[in-house]
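Colleague: Below: one structure in structure tokens.
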Amino acid sequence: HWWEPENDGLGRLAELTDPSTVGFAFDTGHCARAGGDVARALREFDSRLAFVHLADYAPDADNPGLRPPLGDGLLDIDAVVDALREVKPESWVVLEESTDRASARDQVSKCVEILSRFCD
């Protein structure tokens with residue numbers, strides 16, 4: 001769904017739907033892939049965040065759908081952490097790790113370290 005945040009897709013969807021019945025499953029990796037400012041989008045759509053998929057993105061000509069491990073792509077983790085602390089979503093922030101570029105143990109350890117920043 002990387003095209004959803006492209007251009008003004010989410011803004012338009014927000015305009016056309018009722019916030020009391022429609023929330024967004026916002027994916028940080030898809031927003032980054034679409035060229036969006038992830039932290040700005042989190043702040044802009046804070047009241048619509050049903051849950052957040054925390055994922056990274058980096059261009060890969062051989063496999064554009066393959067995501068790098070969290071922290072190894074274009075996602076500005078610190079800016080995302082700051083934005084999520086600011087908007088304080090009452091929803092889940094879910095790690096969406098879907099790559100085979102490193103061992104599962106190494107990936108999970110790194111993700112736990114990154115996710116622990118949300119708990120400060």
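The values are calculated or read from the model by the stated rules, or taken from the named source; none is laboratory data. These numbers were taken from a predicted model, which means no experiment stands behind them. Cβ: placed from backbone, ideal geometry, glycine included. Neighbour counts: every protein chain shown. What goes into the accessible areas is simple: the full protein's heavy atoms, side chains included, and nothing from ligands, DNA or RNA. Shrake-Rupley method; radii C 1.70, N 1.55, O 1.52, S 1.80 Å.
Colleague: Can you compute the FRET efficiency between residue 115 and residue 22 using 1/(1 + (r/R0)^6), with r the Cβ-Cβ distance and R0 = 22 Å? Round to the nearest 0.05.
Modeller: 0.20
Colleague: What fraction of the Cα pairs in segment 18-94, stated in percent, has a spacing above 16 angstrom?
Modeller: The answer is 46 percent, as a whole percent.
Colleague: Using a 7 Å offset from the Cα along the Cα-to-Cβ direction at both residue 108 and residue 50, what is the distance between the two label points in nm, to one decimal?
Modeller: 2.8 nm
Colleague: Rank these by accessible area, largest first, 1.4 Å probe: 12, 117.
Modeller: Accessible-area ranking of 12, 117, largest first: 12, 117.
Colleague: By how many nm would the segment from residue 13 to residue 88 grow when fully extended, if each residue of separation counts as 0.36 nm and the alpha-carbon distance is taken off?
Modeller: 24.8 nm
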